[in-house]
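The values are calculated or read from the model by the stated rules, or taken from the named source; none is laboratory data. Everything quoted here is computed from the prediction, not taken from an experiment. Cβ sites come from the backbone with ideal geometry, for glycine too, and all protein chains shown count toward neighbours. Heavy atoms of the whole protein, side chains included, go into the accessibility calculation; ligands, DNA and RNA do not. Shrake-Rupley method; radii C 1.70, N 1.55, O 1.52, S 1.80 Å.
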Amino acid sequence: MSKIKVAILGATGTVGQKLIKMLESHPQFEVAELVASERSTGEVYGNIVHWREFGEVPEAVKKLKIISYKDVTSPYALSS
């Protein structure tokens with residue numbers, strides 16, 4: 001069974017980071033898209049986030065590019 005793709009809105013903020021960390025090893029959900037402010041659109045997440053959570057930025061999201069909320073295609077979006 002494939003995981004359900006989700007987008008995280010506000011991904012660079014504290015709550016967005018918490019959501020990413022919580023979903024890092026979730027059996028049913030996969031963080032597929034990251035959304036942040038317009039000035040971050042197109043940037044690689046691992047290069048711009050000031051990670052506040054314990055440990056390192058999860059590998060699964062480290063190389064994802066920040067997209068505009070208008071470009072979200074995931075069936076679910078978690079807003080933070």
Karplus (6.51, -1.76, 1.60) ³J(HN,Hα), θ = phi - 60°, over the stretch 14-22, in Hz, Gly and Pro reported as x: 4, 5, x, 5, 4, 4, 4, 5, 5
Fraction of accessible area attributable to carbon and sulfur, the chain (%, probe 1.4 Å): 54
Local net charge near residue 53, Cβ-Cβ under 11 Å (Lys/Arg +1, Asp/Glu -1): +1
Sum of side-chain charges, residue 69 neighbourhood, beta-carbon under 11 Å (Lys, Arg +1; Asp, Glu -1): -2
Considering only the chain, percent of DSSP beta bridges that pair antiparallel, nearest 5: 10
Residue 64 long-range amide H proximity, modeled H, under 5 Å: 45, 46
Cleavage-rule hits (GluC sites (Glu not before Pro)) in the chain: DSSP loop, at most 12 neighbouring Cβ within 10 angstrom: 56
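Given a 1.4 angstrom probe, what's the average accessible area per residue across the chain, in square angstrom? Show your work: numbers first, answer last.
Details: 5320 Å² over 80 residues.
Accessible area per residue, the chain: 66 Å².
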CD proxy at 222 nm, helix term only [per DSSP H run n ≥ 4: -39500 (n - 2.57); per residue of the chain; nearest 500]: -5000 deg cm²/dmol
Check: the chain dipole with +1 on Lys, Arg Cβ and -1 on Asp, Glu Cβ, in debye: 60
